[in-house]
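Remarks on the structure that follows.
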Amino acid sequence: MTKNALPFKNRVKQLKYTFKLLLAQKIEATHNRFTSWRHKNDLFFSIITWILVATAAYTLLNWIWGDRGIFSGWSLEENTSTPLERIKVSLTILGGTGGIGYLVIKFRERSALEREEANEKLVRAVQQLGDASPQVRIAGVYSLADVADTYEGLYHQRVVDILCGYLRTDRLLKDANGETRYAANEDGTPDYDRPLSADGATESTVLSVLECHLKTHSRTSIGKKLSPGPWSSCHLDLHGAYITEQVNFNDTQISELNAQNAKFLHDVFLSGSTFTGETNFLHSKFSQHATFTGSKFIHHAHFSGATFTQLTNFNKAMFCHDAYFIDTTFDGGTLFTYTLFEGWTDFQRARFIKGCTFFNADHMQKPIFRDSLFNIKLRSTKYFTFPESADLNTDGLPKGASWGKFDNQGNPMP
């Protein structure tokens, strides 16, 4: 492969991605215009739809039961029909059309009443979530879940947005001066990586409710076919959130996830999970273990600028699209054993401080390790294994990578 082959190939991929993005935006804009028109003419659209459905059903049934072809229900016997019979048929059709319109209007009225009822329950649940008592806040979480489960549809995303918005609020413990309190180190100094939570019970409940509604479940007794959870099509926006409780989203299906700049102070378990949309962990921080064993990333996966403080496990994970780990810090052990990378994989300027393994990892395209650093203290050990598809340099590292020194905070040293 020539020197400029990879950059050229990368430019081609970027052009293709830009074209797909512009096409998707155009389609979305057209869909939004149609949705706006339909919303303005919703009642008329509903009546016409039901008339067409009723007409098709009437035609089909007369075709099945009659003996004069598919339009047997729309014709009269020439020998027996009279003007009076024609008038009766016409009035019957008009009456049926009016009946359909009446039923649609009543259905719409009933739907409006249900929406009003749902919105009232939603407001009360949100008020509970903002209460000073943790018990009332927990009750508010379950009330919100009940609204989504009862009324479904757009209430799924609304409730998810409210719960994620709650996780993004500042819920850390404050002192008398309003300053955030932190756990203490052994020497008594504050550990600024461990702020204390003032609302762990409610946060834990929110995470549990999300996990329950995102978890896949078996459709058969032998568990072969899995169905997504009722909230799996929703977008989760956790950008900038401080998550102090353990996150256990194993075997869930998640649509688009935005956890940019999020901080996870406890263990994060996402084993066996499927991410069907864009996955964004840009500049996020994992203070404890992060486990993605067997997870599947259908779309782009962004981990650039993220910090993994302890063991990070991507064993048997599948990246179906591009995976970005640019400027990512792997401060603990890093496992990519039997991991499949079907798209572009970029580890530029990544830092591997306590070893990594790519044993039997499968890269459909050559991974990029340009300017990435590996801890020189582990040079003579077997803590580093690299993909078979990676070209190694004279130092035994992927081409473009080098050995480096790190301080106690994981920062590169000269």
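The values are calculated or read from the model by the stated rules, or taken from the named source; none is laboratory data. What you are looking at is a predicted structure, and each value in this text was computed from that prediction instead of being measured. Glycine gets a Cβ as well: all are built from the backbone with ideal geometry, and neighbour counts include every protein chain shown. The protein model used for the area step is the full one, side chains on, heavy atoms only, and it has no ligands, DNA or RNA in it. Shrake-Rupley method; radii C 1.70, N 1.55, O 1.52, S 1.80 Å.
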Self-check item: Unmet criterion (only one of (1) under 30 Å from Gln409 (Cβ atoms); (2) in a helix (DSSP H, G or I)) for Leu163
Solution: (1)
Quiz item: Which one of Leu226, Leu214, Leu207 is in contact with a strand residue (DSSP E or B) (Cβ under 9 Å, 6 or more places away or on another chain), of a type outside the set (Asp, Glu) and closer than 18 Å to Phe264 by Cα?
Solution: Leu207
Quiz item: If we scan segment 324-334, do we find a residue that is among the aliphatic types (A, V, I, L, M), surrounded by fewer than 24 Cβ atoms within 10 Å (Cβ to Cβ) and modelled with pLDDT of 95 or more?
Solution: yes
Quiz item: In segment 310-334, what residues are closer than 13 Å to His289 by Cβ and either touching a helix residue (DSSP H, G or I) at 6+ places or on another chain (Cβ under 9 Å) or touching a residue at least 60 places away in the same chain (Cβ under 8 Å) (or both)?
Solution: Asp331
Quiz item: Thr357 is checked against (1) more than 22 Å from the chain's Cα centre (by Cα); (2) over 23 Å from Lys285 (Cβ atoms); (3) buried (at least 17 other Cβ atoms within 10 Å of the Cβ) and fails just one. What number does that condition carry?
Solution: (2)
Quiz item: Filtering segment 186-209 down to residues that are in a loop (DSSP other than H, G, I, E, B) and free of Cβ contacts under 8 Å to residues at least 24 places away in the same chain, which residue is most open to solvent (accessible area, probe 1.4 Å)?
Solution: Glu186
Quiz item: For segment 261-300, how many residues are in a loop (DSSP other than H, G, I, E, B), over 18 Å from His239 (Cα atoms) and hydrophobic (A, V, I, L, M, F, W, C)?
Solution: 2
Quiz item: Would you pick out the residues in segment 125-139 that are farther than 13 Å from Thr202 by Cβ and exposed (fewer than 14 other Cβ atoms within 10 Å of the Cβ)?
Solution: Gln127
Practice problem: Would you mind finding the one in Cys234, Cys212 that is surrounded by 15 or more Cβ atoms within 10 Å (Cβ to Cβ), at negative phi, modelled with pLDDT of 90 or more and not β-branched (Val, Ile, Thr)? | Solution: Cys234
Practice problem: Would you tally the residues in segment 140-171 being surrounded by fewer than 16 Cβ atoms within 10 Å (Cβ to Cβ) and either under 14 Å from Ala198 (Cβ atoms) or among the aliphatic types (A, V, I, L, M) (or both)? | Solution: 3
Practice problem: For Ser287, state whether it is touching a residue at least 40 places away in the same chain (Cβ under 8 Å) and either surrounded by fewer than 24 Cβ atoms within 10 Å (Cβ to Cβ) or out of contact with any Asp or Glu (no Cβ under 9 Å at 6 or more places or on another chain) (or both). | Solution: yes
Exercise. Enumerate the pairs (first residue in segment 369-393 and on the phi > 0 side of the Ramachandran plot; second residue anywhere and open to solvent by 60 Å² or more (accessible area, probe 1.4 Å)) with beta-carbon separation below 6 Å, excluding pairs fewer than 6 apart on the same chain, so at least 6 apart or on different chains.
Key: Asp371/Arg349
Exercise. Run down Asp346, Asp362 and say which single residue is more than 17 Å from Gln310 (Cβ to Cβ), surrounded by 16 or more Cβ atoms within 10 Å (Cβ to Cβ) and among the charged types (D, E, K, R).
Key: Asp346
Practice problem: Might you check whether a residue that is surrounded by 14 or more Cβ atoms within 10 Å (Cβ to Cβ) and of a type in the set (Gly, Ala, Ser) occurs anywhere in segment 378-388? | Solution: no
Practice problem: For segment 312-329, name all the residues that are over 20 Å from the mean Cα position of the chain (by Cα) and within 15 Å of Asp371 (Cβ to Cβ). | Solution: Ile326, Asp327, Thr328, Thr329
Quiz item: Just to be sure, is Ser255 of a type in the set (S, T, N, Q), touching a Cys at 6+ places or on another chain (Cβ under 8 Å) and over 20 Å from Asp331 (Cα atoms)?
Solution: yes
Quiz item: Restricting attention to segment 393-414, and to residues there that are assigned to a strand (DSSP E or B) and open to solvent by less than 100 Å² (accessible area, probe 1.4 Å), which single residue is farthest from Phe347 (Cα to Cα)?
Solution: Met413
Quiz item: Among Thr274, Thr293, which is the only one that is under 19 Å from Thr339 (Cβ atoms), open to solvent by 10 Å² or more (accessible area, probe 1.4 Å) and touching a residue at least 40 places away in the same chain (Cβ under 8 Å)?
Solution: Thr274
Quiz item: Any residue in segment 339-346 that is of a type outside the set (A, V, I, L, M), under 16 Å from Leu378 (Cα atoms) and modelled with pLDDT of 95 or more?
Solution: no
Self-check item: Leu154 at pLDDT below 95 and within 19 Å of His235 (Cα to Cα)
Solution: yes
